[in-house]
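The structure under discussion appears below in the form of structure tokens.
The values are calculated or read from the model by the stated rules, or taken from the named source; none is laboratory data. Note that the structure is predicted; figures quoted are calculated from it, not measured. So basically every Cβ, Gly included, is an ideal-geometry build from the backbone, and we count neighbours across all protein chains shown.
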């Protein structure tokens, strides 16, 4: 039995959900999102709750049960509060700035890195050493943050690079004389 799948997803105030076949569409203050589930589960909207039930006892049906419930909960969270990833930049001369729809990164290369922000995601730089990625789709927000971090991952000797807020970087001692 799926512990996650058993719990119904609560629809908060201002959020509506509609099911047509295997597709659920959730509307909220930030916009509309939809998800198409596999044929292994049944989705039902009952009042202010969305319930997911498996259509059998096969291993795949049980796997899809919990995953579908998590995806629906992410839809509800996305249209109400949204998702956010915060990145910190450490290193002398390393900084970021937004220019229109392009994030300009100075990361110690001989040139500036221009990262074009995709639709559905907003990127802000409250300080030159902070980047905030926000959006309705958790997967897209995480992917954009990972793509930005990929330009200069934190290195273990000096700790320079782009890291997630609160990330621990294991530091190495370096050469001994």
Item to check | Inter-residue pairs, beta-carbon under 8 Å, first over 22 Å from residue 171 (Cα atoms) and in region 142-158, second assigned to a loop (DSSP other than H, G, I, E, B), 6+ apart | outcome: 144/117; 144/118
Checklist entry - When you go through (1) farther than 29 Å from residue 169 by Cβ; (2) part of a helix (DSSP H, G or I) one by one for residue 74, which number turns out not to apply? => result (1)
Checklist entry - Filter region 50-63 for residues that are touching a helix residue (DSSP H, G or I) at 6+ places or on another chain (Cβ under 9 Å) and surrounded by 16 or more Cβ atoms within 10 Å (Cβ to Cβ); which is modelled with the lowest pLDDT? => result 62
Item to check | Per-region count, region 89-111, residues in contact (Cβ under 8 Å) with a residue 40 or more places away in the chain, in a strand (DSSP E or B) and either surrounded by fewer than 17 Cβ atoms within 10 Å (Cβ to Cβ) or out of contact with any strand residue (DSSP E or B) (no Cβ under 6 Å at 6 or more places or on another chain) (or both) | outcome: 1
Checklist entry - Out of the residues in region 8-21 that are touching a strand residue (DSSP E or B) at 6+ places or on another chain (Cβ under 8 Å) and part of a strand (DSSP E or B), which is nearest to residue 65 (Cα to Cα)? => result 9
Checklist outcome for this item: When restricted to 24, 43, 4, the only residue under 19 Å from residue 80 (Cα atoms) and either touching a helix residue (DSSP H, G or I) at 6+ places or on another chain (Cβ under 9 Å) or part of a strand (DSSP E or B) (or both) is 24
Next on the checklist: Here is a list: 114, 147. Which entry is part of a strand (DSSP E or B), in contact with a strand residue (DSSP E or B) (Cβ under 9 Å, 6 or more places away or on another chain) and surrounded by fewer than 18 Cβ atoms within 10 Å (Cβ to Cβ)?
Outcome noted: 114
Checklist entry - Given the residues 100, 93, 47, 82, which is the only one that is at pLDDT below 90 and at positive phi? => result 47
Item to check | Residue satisfying all of: in region 125-141; touching a residue at least 40 places away in the same chain (Cβ under 8 Å) and in a helix (DSSP H, G or I); surrounded by the most Cβ atoms within 10 Å (Cβ to Cβ) among these | outcome: 141
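Is it the case that residue 171 is touching a residue at least 24 places away in the same chain (Cβ under 8 Å) and either surrounded by 12 or more Cβ atoms within 10 Å (Cβ to Cβ) or part of a loop (DSSP other than H, G, I, E, B) (or both)?
Values: touching a residue at least 24 places away in the same chain (Cβ under 8 Å): no; either surrounded by 12 or more Cβ atoms within 10 Å (Cβ to Cβ) or part of a loop (DSSP other than H, G, I, E, B) (or both): yes.
So residue 171 does not fit the description; no.
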